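*Asks:* Mind looking over this structure? Questions follow.
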Amino acid sequence: MLVACGSEPSHVTNSPETQISAGTKESRDRPRELTSSGEHVQGTGTDKWKFVRGPNMKVARADHMMIPLEGGDALVLGGRISSGELAPPELYNAETNEFSLANGPREGRGEMRADGRISVNGYLVAEPSNTIWLGYLFVDDDKLLLRRKAMKLLLPNGQVLIAGGVIREKTVKGYVDRGLTNKAEIYDIRSKKSRFVGEMTSTYPSGSATLLKDGRVFFAGVGRELPTTSTSAKGVKNDGTEIFDPRTGSFTRGPNLARPRVWHGAVRLKDGRVLLIGGQSSTIDLEGLTNTSEMYDPKRNEIKACGPMQVNRVGPEAVLLSTGEVLVMDGSLVAPAQAELFQPDRNVFVSAGSLTEPRNFTAAALLSDGRVLICGGCIFRGFGSDKVQIDLAGSDLLVPKRVEIKSKQERG
């Protein structure tokens, strides 16, 4: 997946040291559905869903993104090819079940139409409320502050929140980093003007940002302190949360997480709650990998623990299904093909079976017919200096299993 927040973790490795925390192969293969207290529960998601092989993309890629489009198709953006260049955009046609090279620039270009609908490279996006991380497609240059690694979040009112990052100064010798900033600004897509708003409570939110139902933005995995003299947030305790209200332009501190959490997954459920899954405890490579999860309730402004996932995941890919369940995959160090479902009525994770091939740094999107398309990604061969990344062009589709209803005579 595309890790949100500008700074990306090192590529997943499969060294023996990182395999220990997830248990033996026998324990990973055995279904483990646990409540937040560790109690075993019954049932899996494989009785309702299955993975089938999908078509190949024209270009293999990893670390890309996929955007669901109106009409049921999907647009694939980003990922790099062997030359180091961005891979060309591709279009998935849901009717023909094929990929083809798509129109528009490789980096993607966002537009807001007169009717308020959003398009990327000329293709209409299906659900703008789920495209918060597309803000950088609308802001391609520096505005009030010269900075890098800033978050650029697309708000539903035609504005982009630009927050945090590292301040840069232009000198005769080039650009020089001058430290982290907690300043935020709002860029209006229509007027193409930017204005300062409130200051974040942390300079470096290295976690997630989720658009709430009421239009506010919920940040999780932010630091508690303001390290303004460094250009790195390493060592910061990232167990805080904060909430941005675009109506007032202000940031307020939210409840603390049960544990520090960065490079995790975040999904807004149908009832408005936000599920936080996996990640690691700091921005130091592969430190404190976790399978834990937490739930933020915006109505109560509180966070509670949920059942753990079956394996540790960093940078997981998570998709809200039409059923209200959440499909979770990617980010596993030892089981890159394993998928699971979060069931919000029980607050537990159950097995969803396995993808048709292992993949990390993949991208997924919910299609209009309820299927989930998962494409690209990579696998790793070898260890240490001999480790090689192999990008993938293949895809998977999560589809509902057909229920056969037999007559009384057939049932005997």
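The values are calculated or read from the model by the stated rules, or taken from the named source; none is laboratory data. Since we're looking at a predicted model, the values are computed, not measured. In this analysis, Cβ positions are derived from the backbone assuming ideal geometry, glycine residues included, and neighbour counts consider all displayed protein chains.
*Asks:* Just checking, how many residues over region 377-394 are surrounded by 19 or more Cβ atoms within 10 Å (Cβ to Cβ) and in contact with a Phe, Trp or Tyr (Cβ under 8 Å, 6 or more places away or on another chain)?
*Replies:* 2
*Asks:* Pairs under 8 Å by beta carbon, first residue within 13 Å of residue 391 (Cβ to Cβ) in region 51-65, partner surrounded by fewer than 18 Cβ atoms within 10 Å (Cβ to Cβ) and among the hydroxyl-bearing types (Ser, Thr, Tyr), six or more apart or different chains?
*Replies:* Matching pairs, first to second residue: 58/100.
*Asks:* For region 125-137, state whether one or more residues are free of Cβ contacts under 8 Å to residues at least 40 places away in the same chain and in a loop (DSSP other than H, G, I, E, B).
*Replies:* no
*Asks:* Another question, then. Residue 97 passes all but one of (1) exposed (fewer than 15 other Cβ atoms within 10 Å of the Cβ); (2) on the phi < 0 side of the Ramachandran plot; (3) modelled with pLDDT of 95 or more; which number fails?
*Replies:* (2)
*Asks:* Got a sec? Which of 115, 73 is under 24 Å from residue 267 (Cβ atoms) and acidic (Asp, Glu)?
*Replies:* One residue alone meets the criteria, 73.
*Asks:* Out of curiosity, is residue 175 among the aromatic types (Phe, Trp, Tyr) and closer than 28 Å to residue 270 by Cβ?
*Replies:* So residue 175 does not fit the description; no.
*Asks:* Assess whether residue 331 counts as being farther than 21 Å from residue 240 by Cβ and in contact with a Lys or Arg (Cβ under 7 Å, 6 or more places away or on another chain).
*Replies:* For residue 331, the condition - farther than 21 Å from residue 240 by Cβ and in contact with a Lys or Arg (Cβ under 7 Å, 6 or more places away or on another chain) - is met.
*Asks:* Output yes when any residue across region 171-191 is surrounded by 19 or more Cβ atoms within 10 Å (Cβ to Cβ), hydroxyl-bearing (Ser, Thr, Tyr), modelled with pLDDT of 90 or more and touching a strand residue (DSSP E or B) at 6+ places or on another chain (Cβ under 9 Å), and no when none is.
*Replies:* Yes: one or more hits.
*Asks:* Here's something else I'd like to know. In region 142-154, what residues are surrounded by fewer than 21 Cβ atoms within 10 Å (Cβ to Cβ), part of a loop (DSSP other than H, G, I, E, B) and either under 18 Å from the mean Cα position of the chain (by Cα) or among the charged types (D, E, K, R) (or both)?
*Replies:* 142, 143, 149
Conditions (1) touching a Phe, Trp or Tyr at 6+ places or on another chain (Cβ under 9 Å); (2) assigned to a loop (DSSP other than H, G, I, E, B); (3) crowded, with 22+ Cβ neighbours inside 10 Å, marked per residue:
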{"position": "288", "(1), (2), (3)": "no, yes, no"}
{"position": "295", "(1), (2), (3)": "no, no, no"}
{"position": "312", "(1), (2), (3)": "no, yes, yes"}
{"position": "339", "(1), (2), (3)": "yes, no, yes"}
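*Asks:* Could you please find all residues in region 328-354 being without any contact (Cβ under 8 Å) to a residue 40 or more places away in the chain and under 22 Å from residue 263 (Cβ atoms)?
*Replies:* Scanning region 328-354 gives a single hit, 337.
*Asks:* If we keep just the residues of region 204-240 that are outside any strand (DSSP E or B) and surrounded by 20 or more Cβ atoms within 10 Å (Cβ to Cβ), which is modelled with the highest pLDDT?
*Replies:* The extreme case among them is 238.
*Asks:* In addition: Considering only residues of region 297-310 that are in contact (Cβ under 8 Å) with a residue 40 or more places away in the chain and assigned to a loop (DSSP other than H, G, I, E, B), which is nearest to residue 346 (Cα to Cα)?
*Replies:* The residue in question is 307.
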